[in-house]
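Engineer: Could you have a look at this structure, given as structure tokens, before my questions?
The values are calculated or read from the model by the stated rules, or taken from the named source; none is laboratory data. Since the structure is predicted, the reported quantities are computational estimates derived from the model, not experimental observations. Every residue, glycine as well, gets a Cβ built from its backbone with ideal geometry; the counts of neighbours run over all protein chains shown. Heads up: the accessible areas ignore ligands, DNA and RNA and are worked out on the full protein's heavy atoms, side chains in. Shrake-Rupley method; radii C 1.70, N 1.55, O 1.52, S 1.80 Å.
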Amino acid sequence: MAEKLDTKGLVCPIPILKLKKAIMRIEEGETLLVEVTDPNSVEDFEFFCSSQGHKLIKLEEEVGLFTFHIRKGYKK
């Protein structure tokens, strides 16, 4: 894991904006772990990853906490 991003307590669109900045700081192939409490972020993060060429490796959910494991890819 290259970096961990904590966006707990923040609501849309702030988590996705922070994700965009954080993904730029890591190298291609590295993994970013993001913790989110806003359930609306799930769809946003899935769309962001698929549209930007990143891989959503794993999504975990436990009692209002969503943890995303995202591998940085590249946009062709």
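Engineer: Carbon-plus-sulfur fraction of the accessible area of the chain, 1.4 Å probe, in percent?
Structural biologist: Carbon and sulfur atoms account for 52 percent of the accessible area of the chain.
Engineer: Report the Cα-based extents of the chain along its three principal axes, largest first, to the nearest Å.
Structural biologist: Ordered largest first, the chain gives principal extents of 34, 21, 19 Å.
Engineer: For the chain, what does the accessible surface come to per residue with a 1.4 Å probe? Please give it in Å².
Structural biologist: 63
Engineer: Please tell me which of these pairs span more than 18 angstrom C-alpha to C-alpha: 8/55; 21/55; 8/72?
Structural biologist: From 8/55; 21/55; 8/72, over 18 Å: 8/55; 8/72.
Engineer: With only Lys, Arg, Asp and Glu charged, each at its Cβ (+1 for the first two, -1 for the last two), find how big the charge dipole of the chain is about the Cα centre; round to the nearest 20 debye.
Structural biologist: 420
Engineer: Taking Cα pairs under 8 Å and at least six residues apart, what relative contact order does the chain come out at, in percent?
Structural biologist: It rounds to 34 percent for the chain.
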